[in-house]
Amino acid sequence: MPPNLLELPPLALYLHFPWCVRKCPYCDFNSHPMPGKMPEGAYIQALLADLESALPYLSGRKPISLFLGGGTPSLFSPAAIGRLLEAIHARLPWQEGAEITMEANPGTLAAANFAALRSVGINRLSLGIQSFNATHLKILERIHTPEEACRAAELAGRHFKRFNLDLMYGLPGQTQELALADVETALSFAPTHLSCYQLTLEPETRFGACPPQDMPEDDLSADMQEAIESRLAKAGFEHYETSAFARPGQQCQHNLNYWQFGDYLGIGAGAHSKFSLEGRIFRQVRWPQPEDYLQKAVIGQAIQEENEVEKAELPLEFMMNTLRLNQGFPRSLFAARTGLPLAVVEPALQQAVSEGWLVMNDQHIEPTRRGRRFLNHVLERWLPNVAEMTD
Ligand SMILES: C[S@@+](CC[C@H](N)C(=O)[O-])C[C@H]1O[C@@H](n2cnc3c(N)ncnc32)[C@H](O)[C@@H]1O
Ligand code: SF4
């Protein structure tokens, strides 16, 4: 029997831009060095064809948010982004006041682009700063300097009411003081949101194959994380997800929807989707190589893989997302998003509570600090039992 979804979850729209000036050594996102001439027009045409093929699955829903991510969407001109947004709106109008975020790389933005992006409808900017420190930017092989990072952050604040800065910590040779210095510089631009990611050595990357020297010990990285959290709390930021910090009311609506196990349509090379249809939940992945995607999307074949999420997988998928949120989730959300009664996970939840990973009451379920830190371990341990119960 398919799960019983009483109401469709909110829908978000993600657009992937697969090119970057060059590939950073730590990055395992679907990003490719850009070709000599950016195929702006052809890519927009492919995105629109992809969207049109997906419309029948969306049941007339209006997206609550749009997110232009990458890769480096800021390699596209503001005029092209404007044309794209207009054409999307004509096919899939979004909700009034929807958050429309674009990721931008400080090394790819001319000063005039900030106002231009705002005027074509982008209302939230997310800048990939990573660090303001010249040595660390070099180690990460970023294309921007500390001066360019500062200039971009300053211009973002001038033109956008809502903007995020991405920082990374746990960098080679980084001390706690240097990590905090980056946070201090970021705060000086008064962003509404900060994302602070610990550098991860992903297996399929150059750093994964050949780790940089002088990586901080785990204890030092954990100390950096704590120091960053307490500095940001003092500055009035709410720590609402593993790596995300926001001023009150400024959480990223688009990412919140992922973490609340909402629906999303991802279009563009390698983009992922999850959506509910007629009481069932599906996942899709688009062709990841830009050349393949360009060819296939225009003939209505953008999707490389599609499958239905098995009922037995839903509890784990739901928990992997919602328990990343420091506030956890209201009990009623489990049934609303998975179509399964919370009773199927109740014994596992009780066990996790007794072991100190979760706290819960009759309304709400929330990870403890320890539970958040060891989320994957916690889920691996107790959720296999849940899969058996939903069979
Ligand atoms: C999808 S990337 C796109 C942002 C944009 N292309 C840029 O790099 O400026 C989003 C963010 O993920 C973070 N990130 C990427 N790879 C990471 C890794 N291996 N470890 C930690 N953070 C990472 C970076 O902070 C980056 O800004
Ligand atoms: S610019 Fe961003 S998406 Fe591109 S390779 Fe670097 S980290 Fe990855």
**Asked** With Ala90, Ala79 as the choices, which residue is under 24 Å from Lys296 (Cα atoms), out of contact with any helix residue (DSSP H, G or I) (no Cβ under 6 Å at 6 or more places or on another chain) and open to solvent by 40 Å² or more (accessible area, probe 1.4 Å)?
**Response** Ala90
**Request:** Only strands (runs of 3 or more DSSP E) wholly contained in segment 192-250 count here; list those with 1 or more residues that are within 25 Å of Gly157 (Cα to Cα) and not hydrophobic (A, V, I, L, M, F, W, C).
**Result:** 193-198, 238-241
**Message:** Take Ala98 and tell me if it is away from ligand 1 (no atom under 16 Å from the Cβ), surrounded by fewer than 23 Cβ atoms within 10 Å (Cβ to Cβ) and more than 21 Å from the chain's Cα centre (by Cα).
**Reply:** no
**Request:** Please verify whether segment 153-166 includes one or more residues that are within 13 Å of ligand 1 (Cβ to nearest atom) and touching a residue at least 60 places away in the same chain (Cβ under 8 Å).
**Result:** yes
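The rows are residues; the columns are (1) touching a residue at least 40 places away in the same chain (Cβ under 8 Å); (2) under 23 Å from the mean Cα position of the chain (by Cα).
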{"position": "Leu15", "(1), (2)": "yes, yes"}
{"position": "Asp50", "(1), (2)": "yes, yes"}
{"position": "Gly60", "(1), (2)": "no, no"}
{"position": "Glu86", "(1), (2)": "no, no"}
{"position": "Arg91", "(1), (2)": "yes, no"}
{"position": "Thr108", "(1), (2)": "yes, yes"}
**Asked** Name the pairs whose Cβ atoms lie under 9 Å apart, with the first residue in segment 25-40 and more than 14 Å from Thr72 (Cβ to Cβ), the second in a loop (DSSP other than H, G, I, E, B) and within 9 Å of ligand 2 (Cβ to nearest atom), and 6 or more positions between them or separate chains?
**Response** Pro25/Leu140; Pro25/Glu141; Tyr26/Leu140; Tyr26/Glu141
**Asked** Of all residues in segment 259-301, which are open to solvent by 10 Å² or more (accessible area, probe 1.4 Å), under 14 Å from His32 (Cβ atoms), of a type in the set (A, V, I, L, M, F, W, C) and touching a residue at least 40 places away in the same chain (Cβ under 8 Å)?
**Response** Leu294
**Fill in**
Flagged in segment 336-358 as touching a residue at least 24 places away in the same chain (Cβ under 8 Å) and outside any loop (DSSP other than H, G, I, E, B), in numbering order, are Ala336, Arg337, Thr338, Val344, Pro347, Ala348, Gln351, Ala352, Leu358
**Request:** Just need a number here: residues in segment 134-144 that are open to solvent by 10 Å² or more (accessible area, probe 1.4 Å) and either of a type in the set (A, V, I, L, M, F, W, C) or without any contact (Cβ under 8 Å) to a residue 24 or more places away in the chain (or both).
**Result:** 4
**Request:** Could you look through segment 312-329, keep only residues that are in a helix (DSSP H, G or I) and within 13 Å of Asn257 (Cα to Cα), and pick out the one that is most open to solvent (accessible area, probe 1.4 Å)?
**Result:** Asn321
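The values are calculated or read from the model by the stated rules, or taken from the named source; none is laboratory data. Since the model is a prediction, treat every value here as computed from it, not as a measurement. FYI the Cβ positions are ideal-geometry reconstructions off the backbone, even for glycines, and counts take in every protein chain you see. These accessible areas exclude ligands, DNA and RNA; they are computed on the full protein's heavy atoms, side chains included. Shrake-Rupley method; radii C 1.70, N 1.55, O 1.52, S 1.80 Å.
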